[in-house]
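Visitor: Supplied in structure tokens, the structure appears directly below.
Coordinate-derived values only; no laboratory data. Since we're looking at a predicted model, the values are computed, not measured. Neighbour counts are summed over all protein chains in view; Cβ atoms, including those assigned to glycine, are modelled from backbone coordinates with ideal geometry.
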Amino acid sequence: MRQRLPRTVTGSAIVAGALATAALLPAAAVAARVYIADHDGSVLRLNPKSGKVSTVATGAPLSRPSGIAIAQNADLIVSDEGADAVFQVNPASGDVKTIASGPPLSFPFDVEENRHGVDFVADASAGPGGTGAVFRVNPGTGDIEPVVQGSPLVNPRGLALAHRHHKLFVADHRGQGKSGAVFRVDIRNASVKRVASGAPLVDPSGLDFDYQRGLLYTTDYSAGPGRTGAIFKVDPGSGEVRNIRKGPPLDEMYGIAFARSLFVPAAPDANGDNALFRLGRTGGGLRTYLSPEITEPYGVAIGG
């Protein structure tokens, strides 16, 4: 998911074994905090320097957190597909406030907030016939309105806002029936354009935007060898998709966040441990973060 903070930097990314998103941050913020939406019912905080993981919030009303973003006021916005809700979490106190819940939300998987404080939610099954949707949510009133419902969206799982904040990118898990897709949605008029689809994309899930280079990073749940995970770089102008890294230890990845590094949550390793991985934007310099608190990492966001 995403952060607020205007200054751009170069760097690497963070990948989680589940879903997440993040924006490009100042260098100081990169070493500050990484937040994880853990599908086991918690929101976690990671210090990427020390590797220490602490719990921000856990238990009801949180159920199955899947996406996470940083709000304009530095609170955390969490999409929860178990509770069919969007929550606001105070990272200092751990207080959880419900922003929106219930219909039309059906499977809210990822969330983003733009610079105007408006939230956008990727819902995997709130469209006609169980197809997907993208909703606009007013965090002040809880009002929910559709941006796109149904075709061409099938199973949207990841969101990323471009530097032009009326452009919202959507990672669609098997969005073309047999393979995944990335779409661009103009939130002013709800027009949808396909950016990339088909091989090498299979099940793209996490998505984030590199403001400096104008590129997208996406995690793919099963595009690696033996249906393990993969990370791709996507040019939103040409639609070109390039591999960054494939295969073990990356597996069953949903989210991704980019600042100076890529942060990616990933599924159990050979020892049955879930982890958060940090790697450079070209795929090198892999670092693994393991902690008993990390059980089912889905979403990830980077904040100060």
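Visitor: Through the Karplus equation 6.51 cos²θ - 1.76 cosθ + 1.60, θ set to phi - 60°, convert the phi angles of region 70-78 into ³J(HN,Hα) values in whole Hz; use x for Gly and Pro.
Guide: So the J values, rounded to whole Hz, are 9, 7, 4, 8, 6, 6, 9, 9, 10.
Visitor: On a straight-distance basis, which lysines could pair with Lys193 in a cross-link, Cα separation under 26 angstrom, same-chain partners fewer than 8 positions away excluded?
Guide: Reachable lysines: Lys167, Lys178, Lys233.
Visitor: Could I ask something else about it? Can you return the aspartates and glutamates within cross-link range of Lys49? Criterion is Cα-Cα under 18 Å, with same-chain partners fewer than 8 residues away left out.
Guide: Once the sequence-local aspartates and glutamates are set aside, what remains near Lys49 is Glu293.
Visitor: Report the Cα centroid-to-centroid distance between region 144-174 and region 44-93 in angstrom, as an integer.
Guide: After rounding, the separation between the Cα centres reads 21 Å.
Visitor: A further question follows. Using +1 at the Cβ of each Lys and Arg and -1 at the Cβ of each Asp and Glu in region 24-145, identify which of Gln72, Phe120, Thr55 lies farthest towards the dipole's positive end.
Guide: Positive-end residue among those listed: Thr55.
Visitor: Using +1 on the beta carbon of Lys and Arg, -1 on that of Asp and Glu, and nothing else charged, what's the dipole of region 44-184 about the Cα centre, debye to 20?
Guide: Details: 13 positive and 13 negative charges, 118 e Å.
Dipole about the Cα centre, nearest 20: 560 debye.
Visitor: Non-local amide H neighbours of Val300 (under 5 Å, H modeled in plane, Pro and chain starts lacking H): which ones?
Guide: Ala20, Thr21, Ala37, Ile68, Ile256
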